[in-house]
1. Can you tell me which residue within the stretch 18-43, out of those that are free of Cβ contacts under 8 Å to residues at least 12 places away in the same chain and more than 16 Å from the chain's Cα centre (by Cα), is surrounded by the most Cβ atoms within 10 Å (Cβ to Cβ)?
2. I'd like to verify a number: residues in the stretch 54-89 that are surrounded by fewer than 16 Cβ atoms within 10 Å (Cβ to Cβ), touching a residue at least 24 places away in the same chain (Cβ under 8 Å), under 14 Å from the mean Cα position of the chain (by Cα) and over 19 Å from residue 21 (Cβ atoms), how many?
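Read the figures in this text as sums done on the coordinates, not as results from a lab. Bear in mind that the values here come from a model prediction, so they are computed numbers and not experimental data. When we count neighbours, we look across all protein chains shown, and the Cβ atoms used for this are built from the backbone with ideal geometry, even at glycine.
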């Protein structure tokens, strides 16, 4: 399975499969030089970002306090939503480094066929 993209602001993975554009982990495009400040809408000026991080950045630069705030919120969302944990090694290492406690046990246990 392909690794999910990494947010250019908080440096945490953007999980696949989130279809609600209002979800804080939803993947968006961040323009390095904002369009409102004369930036081009070219591939060289676009980076992936969580919706929350991109909304907090607005048209300003990436500041240290912005990164800390974004990481705190995104780690909280990942901690409360184990179903969103990415399966790739690199992504899981990024989450562990950010302080998300990843369990090794499966989240859902389905009964085996024939057992009661």
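1. Going through the qualifying residues, I end up with 39.
2. 3
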